[in-house]
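The values are calculated or read from the model by the stated rules, or taken from the named source; none is laboratory data. Quick caveat: nothing in here was measured; it's all calculated off a predicted structure. Every residue, glycine as well, gets a Cβ built from its backbone with ideal geometry; the counts of neighbours run over all protein chains shown. Accessible surface areas use protein heavy atoms only, side chains included; no ligands, DNA or RNA. Shrake-Rupley method; radii C 1.70, N 1.55, O 1.52, S 1.80 Å.
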Amino acid sequence: MEEQILAEGCREGEDTARRELYDRYAARLLAVCLRYSGDRATAEDLMHDAFLKIYGAFDRFSYRGPGSLRAWM
């Protein structure tokens, strides 16, 4: 699924789009959380909270080309 379509699906609350977003970016986001927390359990909690915030903030995302979704997240 293209980034723009994926973002639109998440904006509309589609579970399949949300799952794909998670599958695509969870490892990368977990790595960032691990860098800041230093503890895997804490990093997983932070990542979970981050995805909840991301899912709730899609009305503020505007697609600006390839990579803009990842950068916004």
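The table below gives the values:
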{"item": "Loop-exposed GluC sites (Glu not before Pro) per DSSP, neighbour cap 11 Cβ within 10 angstrom, longest uninterrupted part of the chain", "result": "13-73"}
{"item": "Separation in nanometres of the label points that stand 7 Å from Cα toward Cβ, at ALA26 and ASP39", "result": "2.2 nm"}
{"item": "Segment ARG60-ASP15, extension gain: residue separation times 0.36 nm, minus the distance between their alpha carbons", "result": "14.3 nm"}
{"item": "Charge-dipole axis of the chain as Lys and Arg at +1 and Asp and Glu at -1 on Cβ define it, positive-most pick from LEU6, GLY67, TYR55", "result": "GLY67"}
{"item": "In the range 1-71, trypsin sites (Lys or Arg not before Pro) in a DSSP loop with at most 16 other beta-carbon atoms within 10 Å", "result": "ARG64"}
{"item": "Of all accessible heavy-atom area on the chain, the percent that carbon and sulfur account for (1.4 Å)", "result": "50 percent"}
{"item": "Computed accessible area, SER68, all protein chains, 1.4 angstrom probe, square angstrom", "result": "20 Å²"}
